[in-house]
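The values are calculated or read from the model by the stated rules, or taken from the named source; none is laboratory data. What you are looking at is a predicted structure, and each value in this text was computed from that prediction instead of being measured. Neighbour counts run over all protein chains shown; Cβ positions are idealised from the backbone, glycine included. Note: areas computed on protein heavy atoms with side chains; ligands, DNA, RNA excluded. Shrake-Rupley method; radii C 1.70, N 1.55, O 1.52, S 1.80 Å.
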Amino acid sequence: GVGPVRPDGYHELTTVYHALSLYDEVTARRGDQLTLTMEGEGAGALPLDDSNLALRAARALAEHAGVAAHARLHLRKQIPLAAGLAGGSADAAATLVACDALWGTGLSRDELAQLAATLGSDVPFLVLGGTALGTGRGESVSPVLARGNSWHWVLALADGGLSTPEVYARLDRLREDAAAASPLGVPDDLLAALRQRDPEVLAGCLGNDLEAAAVAIRPALRDTLAAGHAAGAFAGLVCGSGPTCAFLTRDAPHAAAVAEALAGSGTCRTALPVVGPVPGARIA
Ligand code: C5P
């Protein structure tokens, strides 16, 4: 749920974050300066300069802890770039956790979350993982009780990314008066559904205010959402600011069937079955 634009340019959010089993891996080794290399999904497209969120995370931790920011970071990416999946935020969260261990800086989870919030609105959640309610600009997170349930999703990955600021800006234009967007309440139905075990009940509670804006920029997403529905998914929605779409299914065989149908539909680059919730950034 996206609320009004705040004076600082961010939007007030009430969001349920859910960590899925699609991972990037960050390796941190000793070095005499700070370097970053990468391989995998999007290698070459991700800037390796100071705008890179993993490098900014390492620097922020070093400054906070008063140590030299010396590390050789290596990123193995599976999460596509600019996909609406918070992959860059996941890399930043993992870099904080990895460098904290490498440098022995021993930050508490709370301190890590505070530092994470300076890097991006959803970085604190990527440290925490699981399922959590996000408020504020998304940086304020509290875990959601989910009774050990596991949910089976299919992610339809698209070619090319969407810019998060552009999607928010489009939503503002779609709304008559963005500053007066209605305030957001806690999504009680969704939180209750997460405590039950019925995916069809959960399906009825899913939604994303950013979806209309993502679809306005990328109308082909309508075809992807329709293809997931036709493939028998219980619900489909755009993830974050898109263009990835997530589809809820009953169980692992159902997810495999929906993924196969979506992959063959010609409406996405590929489709991956994943489960959630999973833990946040952690040492493997
Ligand atoms: O916090 P983060 O750097 O990830 O946000 C990226 C962009 O997304 C912001 O610059 C802003 O344009 C938009 N955004 C927003 N409201 C939020 C979170 C992000 O408008 N709550």
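In segment 153-184, of all residues being among the hydroxyl-bearing types (Ser, Thr, Tyr) and within 27 Å of Leu272 (Cβ to Cβ), the one that is nearest to the chain's Cα centre (by Cα) corresponds to Thr164.
Select from segment 29-58 the residues that are closer than 24 Å to Pro124 by Cβ and either of a type in the set (A, V, I, L, M, F, W, C) or touching a residue at least 40 places away in the same chain (Cβ under 8 Å) (or both) and list them in ascending order. Of everything in segment 29-58, those that are closer than 24 Å to Pro124 by Cβ and either of a type in the set (A, V, I, L, M, F, W, C) or touching a residue at least 40 places away in the same chain (Cβ under 8 Å) (or both) turn out to be Leu34, Leu36, Met38, Glu41, Leu46, Leu53, Ala54, Leu55, Arg56, Ala57, Ala58. Filtered by the rule that a residue be within 17 Å of the chain's Cα centre (by Cα) and within 22 Å of Val154 (Cβ to Cβ), segment 15-61 gives Thr15, Val16, Tyr17, His18, Ala19, Leu20, Ser21, Leu22, Tyr23, Asp24, Glu41, Gly42. Scanning segment 199-214 for residues that are open to solvent by less than 70 Å² (accessible area, probe 1.4 Å), assigned to a helix (DSSP H, G or I) and either among the charged types (D, E, K, R) or free of Cβ contacts under 8 Å to residues at least 24 places away in the same chain (or both) turns up Val201, Glu211. Of the residues Arg137, Arg147, which is charged (D, E, K, R) and at pLDDT below 95? Answer to the check: Arg147.
Name the helices (runs of 4 or more DSSP H) wholly within segment 66-169 that hold at least 2 residues that are away from the ligand (no atom under 16 Å from the Cβ)?
Correct list: 87-103, 109-119.
Name the residues in segment 218-246 that are within 20 Å of Gly1 (Cβ to Cβ), in contact with a strand residue (DSSP E or B) (Cβ under 7 Å, 6 or more places away or on another chain) and open to solvent by less than 10 Å² (accessible area, probe 1.4 Å), would you? Residues satisfying the conditions are Leu221, Val238, Thr244, Cys245, Ala246. Yes or no: segment 204-218 includes at least one residue that is out of contact with any helix residue (DSSP H, G or I) (no Cβ under 6 Å at 6 or more places or on another chain), more than 16 Å from the ligand (Cβ to nearest atom) and over 26 Å from Gln78 (Cα atoms). Yes: one or more hits.
Pro4 fulfils the conditions (1) within 16 Å of the ligand (Cβ to nearest atom); (2) assigned to a loop (DSSP other than H, G, I, E, B); (3) more than 15 Å from Gly120 (Cβ to Cβ) except for a single criterion, (2). The residues of segment 7-21 that are open to solvent by 30 Å² or more (accessible area, probe 1.4 Å), more than 10 Å from the ligand (Cβ to nearest atom) and either touching a residue at least 24 places away in the same chain (Cβ under 8 Å) or within 23 Å of Pro273 (Cβ to Cβ) (or both), listed by number, are Val16, Tyr17, His18, Leu20, Ser21.
Residues are listed down the side, and each one gets a yes or a no for (1) more than 28 Å from Arg137 (Cβ to Cβ); (2) acidic (Asp, Glu); (3) touching a Pro at 6+ places or on another chain (Cβ under 9 Å):
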{"site": "Ala226", "(1), (2), (3)": "yes, no, no"}
{"site": "Ala231", "(1), (2), (3)": "yes, no, no"}
{"site": "Ala259", "(1), (2), (3)": "yes, no, yes"}
{"site": "Thr267", "(1), (2), (3)": "yes, no, no"}
{"site": "Val274", "(1), (2), (3)": "no, no, no"}
{"site": "Val278", "(1), (2), (3)": "no, no, no"}
{"site": "Ala281", "(1), (2), (3)": "no, no, no"}
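Mind checking which residues of segment 174-198 are part of a helix (DSSP H, G or I), in contact (Cβ under 8 Å) with a residue 12 or more places away in the chain and open to solvent by 80 Å² or more (accessible area, probe 1.4 Å)? Scanning segment 174-198 gives Leu174, Asp189, Arg195.
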